[in-house]
Amino acid sequence: MPIRPENRARYPKDWKAIRTRIVERAGNKCEQCAAPNGVMIARGVGRDAGLYHNAEVGGVYCAETGRFVDDRPASEFEATRCIVVVLTVAHLDHTPENCEPSNLRALCQRCHLRYDHEHHMENARATRRSRNAVADLFGAQPRVTIPHRPHAGQSDVSSVKPAWERRCER
């Protein structure tokens with residue numbers, strides 16, 4: 001992921017060399033899903049959601065673990081688009097100043113965004129709270145936020161595994 005200009009000073013001067021070492025350590029593949037850097041893959045949808053097809057080496061792989069699932073051709077794989085895998089380097093503690101190799105992981109953009117999801121949600125909540133506090137100071141109406149609710153008949157959405165996740169466990 002590109003480094004935002006306001007965060008550039010938080011990274012060490014030799015960040016490019018550090019990034020190169022981490023990507024090489026990972027074998028030029030995502031350390032989560034094993035998608036190879038720079039290769040075009042098709043992300044699955046529908047019955048193939050949670051999978052990806054690697055046309056370069058052939059085969060279908062689990063997008064969560066990188067485990068080989070089957071060797072069907074691309075013509076039998078349900079996908080809406082192809083993407084080129086771009087490896088990024090994730091700070092596991094979300095602190096750019098901490099560039100210890102144990103704190104860094106090479107991830108494709110999809111896995112990096114999924115890893116950072118909770119962190120991004122926290123930041124969004126803090127931003128909304130801050131905006132509401134400013135609105136309160138100046139007498140404006142605060143923005144209304146709607147809390148997440150589980151689907152009908154479910155106590156917790158996270159307890160339901162999607163079909164693609166069950167396929168990857170086989």
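The values are calculated or read from the model by the stated rules, or taken from the named source; none is laboratory data. These numbers were taken from a predicted model, which means no experiment stands behind them. All Cβ positions, glycine included, derive from the backbone under ideal geometry; neighbour counts span all protein chains shown. The accessibility values were calculated without ligands, DNA or RNA, using every heavy atom of the protein model including side chains. Shrake-Rupley method; radii C 1.70, N 1.55, O 1.52, S 1.80 Å.
Enumerate the amide H contacts of Lys29 below 5 Å, restricted to partners 5 or more residues apart or on another chain; note that Pro and chain-start residues carry no placed amide H.
Amide H to amide H, under 5 Å and 5 or more residues apart or across chains, Lys29 pairs with Asn37.
Can you give the accessible area of Val69, probe radius 1.4 Å, in Å² rounded to 10?
Surface open to solvent at Val69 totals about 50 Å².
Quick one: accessible surface of His53, probe radius 1.4 Å, all protein chains present, in square angstrom to the nearest 10.
The accessible area of His53 comes to roughly 10 Å².
Per 5 Å bin, what is the whole-percent P(r) computed from every C-alpha pair distance within the stretch 30-75?
It works out to 6, 24, 38, 25, 6, 1, in whole percents.
Which of the listed residues, His94, Gly38, Val23, is farthest toward the dipole's positive end in the stretch 1-128, when Lys, Arg count +1 and Asp, Glu count -1 at the beta-carbon?
His94
Apply the Debye scattering formula to the stretch 82-133, with a single equal point scatterer on each alpha-carbon and no solvent, then give log10 I(q)/I(0) at q = 0.25, 0.29, 0.30, 0.32 Å⁻¹.
For the stretch 82-133, the Cα-only Debye profile gives -0.93, -1.06, -1.09, -1.15.
With the crude spin-label approximation of a point 7 Å out along Cα→Cβ, what separation in nm comes out for His119 versus Ile3?
About 1.4 nm separates the two model spin labels.
Enumerate the amide H contacts of Ala55 below 5 Å, restricted to partners 5 or more residues apart or on another chain; note that Pro and chain-start residues carry no placed amide H.
Ala42
Please report, to two decimal places, log10 I(q)/I(0) for the stretch 1-132 at q = 0.17, 0.19 Å⁻¹ as given by the Debye formula with identical point scatterers on the Cα atoms and no solvent.
Here log10 of I(q) over I(0) equals -0.93, -1.05.
Stick to Cα atoms and the Kirkwood definition of Rh, then tell me Rg/Rh for the stretch 1-55.
1.12
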